[in-house]
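J.: Pasting a structure below so you can have a look.
The values are calculated or read from the model by the stated rules, or taken from the named source; none is laboratory data. Not measured: the values here are computed from a predicted model. Every residue, glycine among them, receives a Cβ derived from its backbone with ideal geometry; neighbour counts consider all protein chains shown.
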Amino acid sequence: MGFPEYLAARESLAVIGQPVITYILIISLLQGVLSLLYIINRKDEYYNYLIKFIYINTGLYVLGFIFLIWFHIQIYNTVLIEYPAVLRQMIPVDSSRFIIPLWIESEKLYFWAMAAFIFVLVMQRRKDIIAFIGVILSIFSGLIFFLSNPFKEPLPVVHSEITMWYSALGRGDGTIFQVAGTLYGRITYYYNSIYMWTHPPMLFIAYASLIITFAACVYMLIRRDKLYDEIAYRYAKPGYILLTAGMLIGYPWAIEAWKDSAWWWDPKISGSIMMWVLYSAYLHARIYANRDKMWSATAYLGIICFASLVLTYLLTYIVPGIHSVVQP
Amino acid sequence: MKLKNYDYYLIILTTLILFAIGLVSVYGIIYYNYLSVDPQWTQTALYGKYIDEMNSYIYPFLLLLLISLGLCIPKRLFEQDILVKFTAAVLGVTVVLIFLKGIEAGLGFILAVMITVQTAVLILTFKKSQAIRFEKEGYIIRLGSSLLHLGVVILVFNFVSLRDNPFHILIFWTGTILVVAGNIFSFYPGRITSLLVLIK
């Protein structure tokens, strides 16, 4: 097992995954249209079709996810990094394999969307909220297909690192020490880190739950019905617990992996603090949601919270920093 | 003022302070982006200055948050007039410390007081003491609220005063477990009760 087998697995993922993501896009477009039709006309006929499309889409997302799991297992099986003898004297291992998490690079948004679809199916409490989220998830699917497709050139950064390793091996020159050293750090503190396997998925599952809170807050303003506040709160609870735990888990990870690097008050961290305090404010405010003007204040706060969540997610792509893919 | 009204205004105050902390964070994002015009700026003294500046903006709001918690937590222990006197005394010492030794020392003091009071509240709650009063009914909710508040003050105290302490990470995990457990107990008292019955 080696580089050719890895390349074959990558090629296979693109071949089997691309149709799945295309079907997701098509079904999502129909789902979006049906959602809008239901929001406008409120006919049960539209909703019945809509919920079927959501079921199909969830199934497709899960199927695609299974393909991604398979690919990640193939990376583990095919790529072995055997460190040069000199480096082995400085590190505690002789070799490493990539245990790549399923929520990095172009797989992030996919994972978030899949979790959100599952939450929606579990919820199924109010048709209007389902239809509203149906529109949001259609947009998600479109963004995934065009901007963050995990099946089109899968895991480009991991791929470049693996390619770099085999190129250095092939050349057999001194660069192998540098490449091996870099990969040791990446594998130990990033890909295979227990924090990488807990911190991001907790946050993405929290985000998925908080989409429902957002939708319910919008309907709180429109319908002024206590039921929407209850739905918003019901999904804010798991969202907030996971958000809190997920964010806090990032702290020891940052200390371990980044040590003295410039990570404190990094934009993503500032964004996460902003998001967490806003959700804390929302949960505080809703205790008295039925008093004076607290009802609309709570609903607006819930909407602002979601805006801060989206902004925090996007910060990786729009503002430079240690979490970021953008260079200053 | 009735306890219900008092709690309502306290909640509004806490909400506003949290919102303000959110705004400080937004400022941090914009400022960081502005400073990044020079790609190497985090390698220079400017980064340390930026951290100090951000801390100096966030500390007053943390202090306000702690004052609001300071009014919130001991209200379970003291009568309202004693509570106001207690808060005024703690605040007075904090202000003196801020002027004499800086805001970190003041924050450290108020946090230490909060931890002591909240630990007392947690012990009394655990013992089902009648000496403490809660806005909400239910043993598990009260326990959750006590754990959550204690966890928050421990975490903040750890970040503000114990960054270089050898037990920093251990204290961090203690605070984290308390906060997460507090959240779960507060949000799902029914399920926790059922679980406890099942275990017994």
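J.: Go through the residues of region A:305-316 one by one and say whether even a single one is at pLDDT below 90 and crowded, with 18+ Cβ neighbours inside 10 Å.
T.: Taking every residue of region A:305-316 in turn, none turns out to be at pLDDT below 90 and crowded, with 18+ Cβ neighbours inside 10 Å.
J.: Output the number of residues of region A:171-217 satisfying the condition of being surrounded by fewer than 19 Cβ atoms within 10 Å (Cβ to Cβ), of a type outside the set (Phe, Trp, Tyr), at pLDDT 90 or above and not in a helix (DSSP H, G or I).
T.: Total satisfying the criteria: 4.
J.: Do we find a residue being of a type outside the set (Phe, Trp, Tyr), within 17 Å of A:TRP263 (Cα to Cα) and more than 8 Å from chain B (Cβ to nearest Cβ) anywhere in region A:307-316? Give the steps one after another, and end with the answer.
T.: Going residue by residue through region A:307-316, those that are of a type outside the set (Phe, Trp, Tyr) are A:307-312, A:314-316.
Going one step further and asking which of them are within 17 Å of A:TRP263 (Cα to Cα), we end up with A:312, A:315-316.
Remaining after also requiring more than 8 Å from chain B (Cβ to nearest Cβ): A:312, A:316.
Yes, region A:307-316 contains a residue that is of a type outside the set (Phe, Trp, Tyr), within 17 Å of A:TRP263 (Cα to Cα) and more than 8 Å from chain B (Cβ to nearest Cβ).
J.: While we're here: Counting only residues that are surrounded by fewer than 22 Cβ atoms within 10 Å (Cβ to Cβ) and at pLDDT 80 or above, which one in region B:128-147 is farthest from A:LEU248 (Cα to Cα)? So that I can check it myself, show each step before the final result.
T.: Going residue by residue through region B:128-147, those that are surrounded by fewer than 22 Cβ atoms within 10 Å (Cβ to Cβ) are B:128-141, B:143.
Still in the list and also at pLDDT 80 or above: B:139-141, B:143.
Details: B:TYR139: 27, B:ILE140: 24, B:ILE141: 23, B:LEU143: 21 Å.
For region B:128-147, the residue satisfying everything is B:TYR139.
J.: What about A:LYS226, is it charged (D, E, K, R), within 21 Å of the chain's Cα centre (by Cα) and surrounded by fewer than 19 Cβ atoms within 10 Å (Cβ to Cβ)?
T.: Working: charged (D, E, K, R): yes; within 21 Å of the chain's Cα centre (by Cα): no; surrounded by fewer than 19 Cβ atoms within 10 Å (Cβ to Cβ): yes.
Spelling it out, it is not the case that A:LYS226 is charged (D, E, K, R), within 21 Å of the chain's Cα centre (by Cα) and surrounded by fewer than 19 Cβ atoms within 10 Å (Cβ to Cβ).
J.: How many residues does region A:267-286 contain that are within 17 Å of A:LEU315 (Cβ to Cβ) and either of a type in the set (S, T, N, Q) or more than 7 Å from chain B (Cβ to nearest Cβ) (or both)? Spell out how you get there, then give the answer.
T.: Here is the first cut: in region A:267-286, the ones within 17 Å of A:LEU315 (Cβ to Cβ) are A:267-279.
Of the ones still in play, those that are also either of a type in the set (S, T, N, Q) or more than 7 Å from chain B (Cβ to nearest Cβ) (or both) are A:268-270, A:272, A:275-276, A:279.
Qualifying residue count for the region: 7.
J.: Being surrounded by fewer than 20 Cβ atoms within 10 Å (Cβ to Cβ), of a type in the set (S, T, N, Q) and within 12 Å of chain A (Cβ to nearest Cβ) is the requirement here; does B:THR174 meet it?
T.: Numbers: surrounded by fewer than 20 Cβ atoms within 10 Å (Cβ to Cβ): yes; of a type in the set (S, T, N, Q): yes; within 12 Å of chain A (Cβ to nearest Cβ): yes.
Against the criterion (surrounded by fewer than 20 Cβ atoms within 10 Å (Cβ to Cβ), of a type in the set (S, T, N, Q) and within 12 Å of chain A (Cβ to nearest Cβ)), B:THR174 qualifies.
J.: I'd like to verify a number: residues in region A:274-299 that are surrounded by fewer than 19 Cβ atoms within 10 Å (Cβ to Cβ) and of a type in the set (Val, Ile, Thr), how many?
T.: Selection size over region A:274-299: 1.
J.: Quickly run through region A:251-266 and pick out the residues that are more than 8 Å from chain B (Cβ to nearest Cβ) and over 23 Å from B:GLU53 (Cα atoms).
T.: A:TRP253, A:GLU256, A:ALA257
J.: Go through (1) farther than 26 Å from B:LEU18 by Cβ; (2) buried (at least 19 other Cβ atoms within 10 Å of the Cβ); (3) out of contact with any strand residue (DSSP E or B) (no Cβ under 8 Å at 6 or more places or on another chain) and name the single condition A:MET247 misses.
T.: The single condition A:MET247 does not satisfy is (1).
J.: Just for region B:182-200: of the residues that are within 13 Å of chain A (Cβ to nearest Cβ) and small (Gly, Ala, Ser), which one is nearest to B:VAL153 (Cα to Cα)?
T.: B:GLY182
J.: So, in region A:317-328, of the ones that are among the β-branched types (Val, Ile, Thr) and either at pLDDT 85 or above or in contact with a strand residue (DSSP E or B) (Cβ under 8 Å, 6 or more places away or on another chain) (or both), which residue ends up surrounded by the most Cβ atoms within 10 Å (Cβ to Cβ)?
T.: Residues of region A:317-328 that are among the β-branched types (Val, Ile, Thr), as a first pass: A:318-319, A:322, A:325-326.
Cutting the leftovers down to either at pLDDT 85 or above or in contact with a strand residue (DSSP E or B) (Cβ under 8 Å, 6 or more places away or on another chain) (or both) gives us A:318-319.
On the way: A:ILE318: 13, A:VAL319: 22.
The extreme case among them is A:VAL319.
J.: When you scan region B:1-15, how many residues do you find that are over 15 Å from the mean Cα position of the chain (by Cα) and either modelled with pLDDT of 90 or more or within 19 Å of A:THR298 (Cβ to Cβ) (or both)? Spell out how you get there, then give the answer.
T.: Residues of region B:1-15 over 15 Å from the mean Cα position of the chain (by Cα): B:1-9, B:12.
Checking which are either modelled with pLDDT of 90 or more or within 19 Å of A:THR298 (Cβ to Cβ) (or both) leaves us with B:4-5, B:7-9, B:12.
The number of residues fulfilling the criteria is 6.
J.: Can you give me the number of residues within region A:230-249 that are touching a residue at least 24 places away in the same chain (Cβ under 8 Å), facing another protein chain (nearest Cβ under 9 Å) and over 22 Å from A:ARG125 (Cα atoms)?
T.: The number of residues fulfilling the criteria is 3.
J.: Further question: If I filter region A:97-110 for residues that are more than 28 Å from A:ILE24 (Cβ to Cβ), in contact with a strand residue (DSSP E or B) (Cβ under 9 Å, 6 or more places away or on another chain) and assigned by TED's automatic domain parsing to the domain that holds A:VAL157, do I get at least one hit?
T.: Pass one, region A:97-110, residues more than 28 Å from A:ILE24 (Cβ to Cβ): A:97.
Filter once more, keeping what is in contact with a strand residue (DSSP E or B) (Cβ under 9 Å, 6 or more places away or on another chain): A:97.
Next cut, assigned by TED's automatic domain parsing to the domain that holds A:VAL157 only: A:97.
Yes, some residue in region A:97-110 is more than 28 Å from A:ILE24 (Cβ to Cβ), in contact with a strand residue (DSSP E or B) (Cβ under 9 Å, 6 or more places away or on another chain) and assigned by TED's automatic domain parsing to the domain that holds A:VAL157.
J.: Let me ask another. Taking region A:250-273 as the region of interest, how many residues are surrounded by fewer than 22 Cβ atoms within 10 Å (Cβ to Cβ), free of Cβ contacts under 8 Å to residues at least 12 places away in the same chain and hydroxyl-bearing (Ser, Thr, Tyr)?
T.: Number satisfying all stated conditions: 1.
J.: Restricting to region B:24-54, count the residues that are at the interface with another protein chain (Cβ under 8 Å from one of its Cβ atoms) and either outside any helix (DSSP H, G or I) or not aromatic (Phe, Trp, Tyr) (or both).
T.: Number satisfying all stated conditions: 13.
J.: A follow-up question, please. Within region B:141-171, work out how many residues are over 20 Å from B:LEU69 (Cα atoms) and within 11 Å of chain A (Cβ to nearest Cβ).
T.: First, the residues of region B:141-171 that are over 20 Å from B:LEU69 (Cα atoms): B:162-171.
After this cut, where a residue has to be within 11 Å of chain A (Cβ to nearest Cβ) as well, the list is B:163, B:168-170.
Of the residues in that region, 4 qualify.
J.: Something else: Could you identify the single residue in B:VAL84, B:VAL90, B:VAL26 that is at pLDDT 90 or above and under 30 Å from A:TYR288 (Cα atoms)?
T.: Numbers: B:VAL84 fails: at pLDDT 90 or above; B:VAL90 fails: at pLDDT 90 or above.
Result of the check over B:VAL84, B:VAL90, B:VAL26: B:VAL26.
J.: Which of the helices (runs of 4 or more DSSP H) contained wholly in region A:64-170 include at least 1 residues that are more than 30 Å from A:ALA206 (Cα to Cα) and more than 24 Å from the chain's Cα centre (by Cα)? Working first, answer last.
T.: Working: elements: A:85-88, A:108-123, A:127-147.
By residue number, A:85-88.
J.: Only one of these conditions is not met by A:TRP253: (1) more than 25 Å from B:THR14 (Cβ to Cβ); (2) more than 21 Å from the chain's Cα centre (by Cα). Which number is it?
T.: (2)
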